[in-house]
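I have placed the structure first, in the form of structure tokens, so that the comments after it can refer back to it.
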Amino acid sequence: MWLAADGRPSAAIVVIFVLGTLLMRSAGCAINDYADRDFDPHVERTRARPLAAREIAPWEALALAAALAAAAFGLVLFLNRFAIALSFAGLAIAATYPFTKRFFALPQLYLGVAFGFGIPMAYAAIRNQLPLECWLLLAANISYAFAYDTEYAMVDRNDDAKLGLRTSAITLGRWDVAAVMGSYALMLVLLTLVGRREELRWPYYAGLALAGMMILYHWTLIRARTREGCFKAFRHNNWVGGAIFAGIVASFAVA
């Protein structure tokens, strides 16, 4: 939003996208738990989830997901036709992601598309077009999501392997740590290209540098491949994203 609007997104756009993201992330969680309801009871980290613990019925999860998605679509209707059209693709991707771990060796890549689809929607809503920097940002987000969700997958690797599921942590094997760090590095390179194209000021690069230092900290957490370390690194990613976002906002503030 900030990049598409040159640092001045309208309050209405911010409210729509923040609430829409919250609603669709929540709907995605419900769909994911529905899809994994027969697997989660056998995974240490997820066995206490409501569906896995049989505290709620499967239809309740689907009903909640549908209600949340409908509320999100209600917000989208306040945007232009281009953004509304893209929202259908976004919904389809979000709804199908939970099932990719059954057949796709790297479902974390698909997750990156699902989580990053707000980027083209923001450009569509604000600029009514999808310029090159939009695709660079989406590629950066896919790299980011692949990195942090592989950290997440490393937590459940043994349980997932027993269940016959496919994740990047299982597919990559001993190359998992290298792939995580490489994906983070690619994200920073792509974001640097975005900064150069948009002629962003020094606070943006300071935010990237701070994110880079945090990523090095992640390496110290995941290199031993312990459940605790990998999960801590995964949960720490909100700070990585926060540093980058702060750099974007500050860059426009000093321009």
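Quick note: the coordinates plus some simple rules give every number you see, no bench work behind them. What you are looking at is a predicted structure, and each value in this text was computed from that prediction instead of being measured. As a convention, Cβ positions derive from the backbone with ideal geometry for all residues, glycine included, and neighbour counts pool all protein chains shown.
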**Request:** Can you find, among Ala224, Leu190, Ser251, the residue farthest towards the positive end of the dipole of segment 190-255? Put +1 on the C-beta of Lys and Arg, -1 on that of Asp and Glu.
**Result:** Ala224
**Message:** For segment 157-217 and segment 125-154, what is the centre-to-centre distance using only Cα atoms, to the nearest Å?
**Reply:** 11
**Request:** Classify segment 21-171 as rounded, prolate or oblate, taking a ≥ b ≥ c as the square roots of the eigenvalues of its Cα gyration tensor: rounded when a/c is under 1.5, otherwise prolate if a/b is larger than b/c and oblate if not.
**Result:** oblate
**Item:** Gaussian network model of the chain, Cα within-10 Å springs - most flexible of Ala65, Ala95, Ala53
**Value:** Ala53
**GluC sites (Glu not before Pro) lying in DSSP loop within segment 16-74, provided at most 16 other Cβ fall within 10 Å** = Glu44, Glu55
**Prompt:** Given the chain, what whole percent of its Cα pairs are spread farther than 31 Å?
**Reply:** 27
**Prompt:** Over the alpha carbons of segment 161-220, what is the largest minus smallest coordinate on each principal axis, giving the biggest first in Å?
**Reply:** 49, 24, 15
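Which percent of the Cα-Cα distances in segment 183-254 go past 14 Å? Please report the intermediate quantities before stating the final value.
Details: 1528 of 2556 pairs.
Pairs farther apart than 14 Å: 60 percent.
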**Complete:** The Cα extents of segment 1-69 along the principal axes, largest first and rounded to whole Å, are 48, 24, 14
**Prompt:** Over segment 57-126, with a single point scatterer placed on each C-alpha, what log10 of the ratio I(q)/I(0) does the Debye formula yield at q = 0.27 1/Å?
**Reply:** -1.17
**Item:** Per-selection metrics, segment 120-184 (Cα): Rg and Dmax in Å
**Value:** 15.7, 47
**Request:** Quick one: which residues, 5 or more positions from Phe104 or on another chain, have an amide H under 5 Å from its amide H? H modelled 1.01 Å from N in the peptide plane, none for Pro or chain starts.
**Result:** none
